[in-house]
Amino acid sequence: MIFRSQRKREKEGRGRRKRRQQEIRSKGLRRQKRDWVIPPVNVPENSRGPFPQMLVSIRSDQDRNISIRYSITGVGADQPPNEVFSIDPVAGKMFVTKPLDRERRSSYHLRAHAVNMNGERVESPIDLYIYVIDMNDNRPEFKNQVYNGSVDEGSKPGTFVMHLAAFDHDDNTTANGMVRYRILSQTPHSPIPNMFTINSETGDIVTVAAGLDREKVSQYSIIVQATDMEGNLNFGLSNTATAIISVTDINDNPPELTSRTVPENRINVAVANLTVIDRDQPRSPNWNAVYRIISGDPIGHFTIITDPHTNDGMVTVVKPVDFEQNRAFMLTVVVNNQAPLASGIQSSLQSTSGVTISVVDINEPPFFPTNPKSIRFEEGVPAGTSLTTFSASDPDRFMQQSIRYSKLADPAEWLSINTTNGQIVTTATLDRESIYVKNNIYEATFLAVDNGSPMASGTGTLQIYLIDVNDNAPSLLPRESQICERINRNAGINITAADSDTDPNVGPFVFELPTFPASIRRNWTVSRLNGEGTARCRLGGYLKPGVYEVPVIVSDSGNPPLSNRSVIKVKVCPCDENGDCTLVGAVAAAGLGTGAIIAILICIIILLSMVLVFVVWMKRREKERQTKQLLIDPEDDVRDNILKYDEEGGGEEDQDYDLSQLQQPDSLEHIISKPLGVRRVDERPIIPESQYPIRPAVPHPGDIGDFINEGLRAADNDPTAPPYDSLLVFDYEGSGSTAGSVSSLNSSSTGDQDYDYLNDWGPRFKKLADMYGGGEDD
């Protein structure tokens with residue numbers, strides 16, 4: 001058998017075999033069979049098909065003479081797993097029938113057979129080797145999700161800590177199964193975020209920096225990531241595991257005696273405990289101890305309190321201590337009893353002891369030496385002007401700390417401060433007349449913060465005294481007033497000048513009238529009264545009633561002075577004997593003539609008439625609404641519902657019905673008492689129907705037949721009626737009717753009908769008369 005891949009190779013093979021046979025026959029030798037070897041076939045795993053998919057074609061060189069049948073044996077063919085591979089017994093083409101999984105089986109060894117139709121072997125079996133090509137379809141897997149390791153504190157960089165390994169089921173001879181490791185995170189980050197590193201190929205974790213201290217960090221948690229494809233994050237698959245590294249203790253801390261320390265700026269803190277032994281009667285004056293500090297504390301920062309139960313002496317701070325002044329105190333303490341020693345008993349040398357107390361430096365907040373700090377500036381200082389340097393001091397002289405500044409309160413947003421040196425610069429124009437300025441002083445508060453641990457802050461207040469400049473012109477009050485048309489020496493208008501500035505930029509004020517137009521000085525005069533800011537404006541002659549605008553120029557006493565032209569609206573009107581304007585005079589002074597007043601009154605009368613008509617129309621409409629009779633529930637309204645009847649009856653000719661079913665009862669009490677769903681309200685159609693007979697609101701039961709006939713005749717003779725038979729409005733059909741519906745008006749006649757009488761019913765029934773009356777002629 002041979003491996004058949006291309007037609008050209010087959011042709012060349014046949015030529016070579018023919019030449020070989022000729023050589024054998026010429027030499028007189030017998031043909032020897034050759035062993036044919038087929039190269040291994042590579043099949044990628046997880047192939048998507050389509051299946052069956054052809055792999056290789058085999059054939060015997062004897063198939064030209066006899067019929068050959070091919071078959072394959074081995075695992076994957078006739079051995080489990082069966083039917084993975086198949087072969088066309090006639091053409092010799094071998095197929096794979098399903099996707100292969102390299103992780104289940106990486107290769108197959110099959111044997112191909114060729115037999116004739118009698119089952120006799122015509123060729124020796126050929127070995128077929130099929131290798132499954134690996135695809136990257138498996139992530140690296142850690143055996144455990146959490147690994148535990150340990151390392152001694154103080155270990156040098158490069159010290160081995162632990163080993164992690166991940167296994168990838170893909171082919172480890174290809175990139176699909178080559179795993180690389182890296183550290184994603186370390187918790188905590190102390191002393192640095194990267195205390196460890198991992199060998200990317202072996203998974204060994206080692207220290208990379210010094211500084212492991214069990215007393216500070218006793219355990220680290222590291223997230224390790226394993227990625228195949230040689231660590232390519234774009235194409236590789238990844239998985240993670242956690243490594244817990246415990247820092248083991250070594251003897252790196254010698255024993256220390258407990259020190260007696262006191263934090264600075266603290267009081268009522270017990271810093272030392274003194275113990276005495278007295279063999280006298282407990283809790284008696286001979287046993288009770290009294291402690292005294294005889295040296296080492298000249299200012300009296302400490303006192304010793306005796307515990308009445310244990311007789312111990314507790315050294316307590318009563319005045320704050322300052323580390324910058326005293327870093328330590330060496331006290332000499334003597335102890336005695338409340339009762340003096342007996343005669344002849346000498347004091348023990350052990351009754352006196354030395355106590356050393358160390359002061360702990362605490363980060364103290366910065367302070368502003370001058371607080372509040374006051375400065376003086378003229379108002380109107382432009383933006384960008386440097387005012388002062390407002391700097392703070394740090395009381396911690398032995399700490400190398402820096403101070404940063406910021407604004408805490410700046411109501412008008414006029415200032416800024418340099419964060420490093422505290423220089424104050426204006427960001428807007430300073431205005432003394434601002435609402436944020438109180439008594440000519442503007443206040444702003446600033447914050448100074450150091451970088452100690454913990455950080456401490458202090459505040460300082462800057463007071464800016466604003467010196468007034470003449471930057472506001474005076475104004476006049478009031479803006480409007482009135483005066484009598486009669487010239488009176490005592491009559492006039494008092495006007496007052498107001499100025500936002502202060503002395504010397506205010507009064508005395510100068511009041512004067514403009515020279516143009518000339519009528520102003522001819523008709524008015526103005527003169528200053530006693531005082532600096534008040535003047536009186538008077539009439540210079542007779543003026544008819546009306547409203548006049550009087551311009552007045554007022555100037556202050558600043559250097560240079562500022563002036564303002566103010567217009568005062570003065571109403572000149574006739575006055576009574578008390579000097580008050582009369583009503584007619586006030587109207588006339590307002591500029592309204594008789595015609596305007598009459599027009600206003602007419603408009604008021606028209607408006608009142610319209611309101612009255614609207615009220616009458618609303619009351620009439622309400623009355624009409626109340627007069628409508630409520631009969632049935634809106635759910636039963638035939639205008640919005642389709643009523644189904646079992647029979648329509650025999651037509652208008654069928655007059656054999658009981659009119660008592662249509663009678664309206666004399667009383668409606670049983671209707672009102674019925675439950676919801678049985679009451680109904682009907683309204684007449686809104687169309688012209690003046691020719692219809694007017695029926696009473698509640699017709700008598702005996703008149704219902706006449707009412708129907710009259711309505712029928714009216715509809716027949718009305719050429720403007722809508723295109724339906726008649727307008728029949730039934731307000732009430734009755735309660736407890738034995739008929740139950742209009743279907744009770746059915747026809748009982750069964751014979752032939754004579755429709756000639758329809759000609760007498762009017763033009764509406766003419767068509768029916770033509771259709772049914774002439775049936776015999778048709």
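The values are calculated or read from the model by the stated rules, or taken from the named source; none is laboratory data. What you are looking at is a predicted structure, and each value in this text was computed from that prediction instead of being measured. Please note: Cβ atoms are built from the backbone with ideal geometry, for glycine as well, and neighbour counts cover all protein chains shown. Heads up: the accessible areas ignore ligands, DNA and RNA and are worked out on the full protein's heavy atoms, side chains in. Shrake-Rupley method; radii C 1.70, N 1.55, O 1.52, S 1.80 Å.
Listing for the model above:
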| quantity | calculated |
| --- | --- |
| Long-range neighbours under 9 Å by Cβ, at least six apart or interchain, first residue in the same structural domain as VAL290 (by the TED database) and assigned to a loop (DSSP other than H, G, I, E, B) within the stretch 333-353, second among the polar types (S, T, N, Q) and at pLDDT 85 or above | GLN338/SER284; GLN338/ASN288; ALA339/SER284; ALA339/ASN288; SER347/ASN336 |
| Test: residue in the stretch 172-185 that is aromatic (Phe, Trp, Tyr), farther than 30 Å from ASN46 by Cα, touching a strand residue (DSSP E or B) at 6+ places or on another chain (Cβ under 7 Å) and open to solvent by less than 80 Å² (accessible area, probe 1.4 Å) | no |
| Residue that is nearest to VAL506 (Cα to Cα) [pool: residues in the stretch 525-558 that are among the hydroxyl-bearing types (Ser, Thr, Tyr) and free of Cβ contacts under 8 Å to residues at least 24 places away in the same chain] | SER527 |
| Residues being open to solvent by less than 40 Å² (accessible area, probe 1.4 Å) and more than 56 Å from the chain's Cα centre (by Cα) - total across the stretch 97-109 | 1 |
| Boolean, SER402 is of a type in the set (Gly, Ala, Ser) and open to solvent by less than 70 Å² (accessible area, probe 1.4 Å) | yes |
| Hits in the stretch 208-237 - residues which are open to solvent by less than 30 Å² (accessible area, probe 1.4 Å) and either assigned to a strand (DSSP E or B) or modelled with pLDDT under 90 (or both) | TYR220, ILE222, VAL224, GLN225, ALA226, THR227 |
| Matching entry among ILE424, ILE357 (being farther than 29 Å from VAL269 by Cα, among the aliphatic types (A, V, I, L, M) and open to solvent by less than 60 Å² (accessible area, probe 1.4 Å)) | ILE424 |
| So ALA491, is it crowded, with 16+ Cβ neighbours inside 10 Å and aliphatic (A, V, I, L, M) | no |
| Those strands (runs of 3 or more DSSP E) lying entirely in the stretch 1-101 with at least 2 residues modelled with pLDDT of 60 or more and closer than 22 Å to MET117 by Cβ | 53-59, 69-74, 85-87, 93-96 |
| Qualifying residue in the stretch 116-126 (condition: modelled with pLDDT of 90 or more and assigned to a strand (DSSP E or B)) | no |
| Verdict on LEU462 being closer than 30 Å to GLN401 by Cα, open to solvent by less than 40 Å² (accessible area, probe 1.4 Å) and in contact (Cβ under 8 Å) with a residue 40 or more places away in the chain | yes |
| Unique match (being assigned to a loop (DSSP other than H, G, I, E, B) and open to solvent by less than 40 Å² (accessible area, probe 1.4 Å)) among ASN363, ASN371 | ASN363 |
| Hits in the stretch 470-488 (condition: β-branched (Val, Ile, Thr) and crowded, with 16+ Cβ neighbours inside 10 Å) | ILE483 |
| Residue count for the stretch 508-528, restricted to those that are open to solvent by 60 Å² or more (accessible area, probe 1.4 Å) and of a type in the set (A, V, I, L, M) | 2 |
| SER190 outside any strand (DSSP E or B), at pLDDT below 95, surrounded by fewer than 20 Cβ atoms within 10 Å (Cβ to Cβ) and in contact with a Phe, Trp or Tyr (Cβ under 6 Å, 6 or more places away or on another chain) | no |
| Count of the stretch 306-318 residues which are exposed (fewer than 15 other Cβ atoms within 10 Å of the Cβ) and either out of contact with any Phe, Trp or Tyr (no Cβ under 8 Å at 6 or more places or on another chain) or at positive phi (or both) | 4 |
| Selected residue (only one of SER124, SER150 is assigned by the TED database to the domain that holds PHE167, over 23 Å from ASP228 (Cα atoms) and surrounded by fewer than 15 Cβ atoms within 10 Å (Cβ to Cβ)) | SER150 |
| Members of the stretch 549-584 found to be more than 18 Å from ILE493 (Cβ to Cβ), outside the structural domain of ALA498 (by the TED database) and outside any loop (DSSP other than H, G, I, E, B), listed by number | LEU583, VAL584 |
| Test: residue in the stretch 194-207 that is out of contact with any helix residue (DSSP H, G or I) (no Cβ under 9 Å at 6 or more places or on another chain), surrounded by 13 or more Cβ atoms within 10 Å (Cβ to Cβ), in a loop (DSSP other than H, G, I, E, B) and on the phi < 0 side of the Ramachandran plot | yes |
| Hits in the stretch 110-121 (condition: farther than 30 Å from SER47 by Cα and either buried (at least 21 other Cβ atoms within 10 Å of the Cβ) or not charged (D, E, K, R) (or both)) | VAL115, ASN116, MET117, ASN118, GLY119 |
| Filter pass, VAL334 being buried (at least 16 other Cβ atoms within 10 Å of the Cβ) and over 60 Å from the mean Cα position of the chain (by Cα) | no |
| Single residue of THR303, THR370, THR275 found to be hydroxyl-bearing (Ser, Thr, Tyr), closer than 30 Å to LEU447 by Cα and at pLDDT 85 or above | THR370 |
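Residues are listed down the side, and each one gets a yes or a no for (1) in contact with a strand residue (DSSP E or B) (Cβ under 8 Å, 6 or more places away or on another chain); (2) in the same structural domain as GLU378 (by the TED database); (3) not polar (S, T, N, Q):
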| position | (1), (2), (3) |
| --- | --- |
| ALA444 | yes, yes, yes |
| ASP450 | yes, yes, yes |
| PRO454 | no, yes, yes |
| GLY460 | yes, yes, yes |
| GLU480 | yes, no, yes |
| ILE483 | yes, no, yes |
| ARG486 | yes, no, yes |
| THR502 | no, no, no |
